[in-house]
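J.: Structure provided below as structure tokens; questions to follow.
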Amino acid sequence: MGRVISVFLIAIVVVLGVVFLKRDAVPPQSPVPDVYGTSKSSISNDWFPKSKNPKNAESLNLSAKSAILVDYDTGNVIYAKNPQEKLPAASTIKIMTAVVALENSNLSDKFTVSTKAATIGENAMGLTQGETLTLEELLYGAMLVSGNDAAVAISEGISQSEDAFVQKMNQAAGGMGLFDTKFVNASGLDDDGKVQYTTAFDLVTIARFVWEKHPAFRKIVSTYDRTIDANQNHKAFELYNDTNLLTTYPGVKGIKPGFTWDAGWCLVTYAENGNKKLLAVILGSEDRRGEMITLLDYGFAKFGIKIDHPGLDL
């Protein structure tokens, strides 16, 4: 009887050992999978805002539903209001459109405008079906005048369809570890029946990524006006940058405003004065221009930098 019990116990030990060995052989899963493969590189970002809700931040009494102000170099959050609230962000979505475009194509690549792109509506650079433009020209149209036609032309030129391009946009967000963002189109337009959202926290991270990595993006969004001469492939275009404060607040270099009825007034802004660089996002504001001034003044003052802007004080 004792021998039977001993054999039984040995068998149990062997079975348990095999189970544990198999369990240990399974590799650990990465919390942020690398799902964004491109021909050039994979999206990754080693810079994130260090705190979502900074201590001792003053109440700025903003109407914006969400806002964040970040020290560009360190990632320290200077001010935040509901930074992780999921909200529509209008044409600031085109910042990610630019990211995916620059990661997947060359500025000299040429794309032909489809009927869908030419007729998308609302803000447009004025594209006509059948015209062919370079990615660089289309990015000027998308970022300066917030051309929805340019955004769709870019998406179709890179991925053959806007839906396929949007998949890349969402994969890019996932590759950055940003899981409070969902894109449904490349333009930021309100889309009936589809929910598109991001957060101030995610958007400031996306903006910082493209500003840091792509000099072409910095050049485009800091340009006040751009003339694209006519050639055999397309007509002429006169483009003017509608980014709030670009030419009126000292040190502002761009990036992108946005508005839809669902999103309200939105604005992403990069500015530098003295030795300090700031990056800010406002979503769902009643006065994005005035509230961005308030944010930037507050941020620079934290570092002893007083900004003189006669006529801008609201």
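Please treat every number below as a calculation from the coordinates, not as lab data. The shown structure was predicted, so the numbers you read here are calculated from the model rather than taken from an experiment. Cβ atoms come from the backbone with ideal geometry, glycine included; neighbour counts cover every protein chain shown.
J.: Taking segment 216-255, which residues are part of a helix (DSSP H, G or I) and either farther than 16 Å from Lys277 by Cα or of a type in the set (Val, Ile, Thr) (or both)?
T.: Hits for segment 216-255 are Ala216, Phe217, Lys219, Ile220, Val221.
J.: Something else about it: If the requirement is being small (Gly, Ala, Ser), more than 13 Å from His234 (Cα to Cα), in contact with a Gly (Cβ under 8 Å, 6 or more places away or on another chain) and without any contact (Cβ under 8 Å) to a residue 40 or more places away in the chain, which of these qualifies: Ala117, Ala124, Ala164?
T.: Just one listed residue meets the conditions, Ala124.
Per-residue answers, yes or no, for (1) at positive phi; (2) surrounded by fewer than 22 Cβ atoms within 10 Å (Cβ to Cβ); (3) not in a loop (DSSP other than H, G, I, E, B):
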| residue | (1), (2), (3) |
| --- | --- |
| Ala173 | no, no, yes |
| Val184 | no, yes, no |
| Ser187 | no, no, no |
| Asp191 | no, yes, no |
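J.: With the structure loaded, tell me whether Asn231 is surrounded by 15 or more Cβ atoms within 10 Å (Cβ to Cβ), farther than 27 Å from Tyr79 by Cβ and free of Cβ contacts under 8 Å to residues at least 40 places away in the same chain or whether it fails that test.
T.: Answer is no for this residue.
J.: Any residue that is farther than 23 Å from Ala64 by Cβ and touching a Lys or Arg at 6+ places or on another chain (Cβ under 9 Å) - is there at least one of those in segment 197-207?
T.: no
J.: Next up: Exactly one of (1) out of contact with any Asp or Glu (no Cβ under 7 Å at 6 or more places or on another chain); (2) touching a residue at least 40 places away in the same chain (Cβ under 8 Å) is unmet by Gly274. Its number?
T.: (2)
J.: May I ask you to list the residues in segment 193-224 that are under 18 Å from Phe259 (Cβ atoms), of a type outside the set (S, T, N, Q) and surrounded by 24 or more Cβ atoms within 10 Å (Cβ to Cβ)?
T.: Within segment 193-224, Ala200, Leu203, Ala207, Val221 meet the criteria.
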